[in-house]
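Take a look at the structure below.
FYI, it's all coordinate maths here, none of it is from the lab. Small disclaimer: the values here were computed from a predicted structure and weren't measured. Every residue, glycine as well, gets a Cβ built from its backbone with ideal geometry; the counts of neighbours run over all protein chains shown.
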Amino acid sequence: MGIFDRLSTMLRSNINDLISRAENPEKMLNQLISDMKGNLAKAKQEVASAIADEKKLQADAETMRKQAEDWERRAMLAVQEGRDDLAKQALLRYNEHLQGAQQLHETWVKHKAETESLKGSLRQLNDKIEEAKRKKNILVARARRAEAQQRIQATMSGMSDKSAFESFERMTEKIEDAERKAIASAELQEEFSGDNLMKQFEALEYHGSSDQQLLELKAKMGLIAGGGKETRQLGKGAADDVHEAEVLEIEKDDDTQV
């Protein structure tokens with residue numbers, strides 16, 4: 001199983017465990033991000049080790065190639081000195097090191113390709129974690145909205161219970177009935193208490209005060225003489241009006257005779 005396969009298995013295991021215990025979405029998402037960062041750090045260590053191995057293979061292959069070149073020069077030197085026996089032995093060493101260098105080079109090429117693949121996977125994992133961090137706030141906001149909607153629905157369900165409103169209406173009617181009874185009791189108390197004769201005189205006095213207000217109003221309108229008497233006496237009746245008309249008629253006749 002590869003390094004990222006193991007990390008993927010660990011992530012799925014942690015995510016499934018957190019989801020099954022999803023008491024707090026925000027806390028769960030923060031924990032997921034934290035786990036992803038931890039696994040990313042482990043992946044970086046693994047990839048760094050793979051890169052170090054790849055560099056070691058490259059260095060070993062280069063060293064082996066140089067050793068092969070050195071044995072080739074030694075074989076040439078032996079030939080120049082007329083030591084073919086030494087030249088043959090040097091060529092044997094040259095072939096061994098050259099073959100080893102080729103094998104190390106092939107291993108290094110394969111390992112380098114795998115390392116590059118690991119680097120790409122590491123970059124993808126890092127990008128996914130960064131994307132998850134950006135989405136976390138959105139998911140937290142959505143979770144909070146969903147929670148708020150649940151609270152609102154619960155509140156509305158409670159408000160739709162008619163029993164509370166019916167109880168309120170009954171209490172209102174009870175209070176209004178108590179108010180009506182209190183008013184009725186006050187009226188009865190006023191009716192059967194106190195001096196009735198005194199109340200009648202109080203009513204007459206109030207009527208007199210109304211007449212006084214009427215006089216004051218006529219004085220204000222100029223209908224009453226400056227001495228306080230009316231130009232026409234108030235309240236004399238129809239007989240006085242007739243007598244006054246007769247006097248005016250006699251005075252008119254006297255003026256005609258003259």
Practice item. State the dimensionless ratio Rg/Rh of the range 60-172 (Rg: radius of gyration of Cα atoms; Rh: Kirkwood radius). Key: 1.84
Practice item. Apply 1/(1 + (r/R0)^6) to the Cβ-Cβ distance of residue 169 and residue 31, taking R0 = 41 Å, and write down the FRET efficiency to the nearest 0.05. Key: 0.20
Study note, to complete from the structure: In nanometres, the difference between 0.36 nm per residue of separation and the alpha-carbon distance of residue 188 and residue 138 is 10.8 nm
Check your understanding: Assuming R0 = 25 Å, what is the FRET efficiency of residue 179 and residue 156, from their Cβ-Cβ distance, to the nearest 0.05?
Key -> 0.15
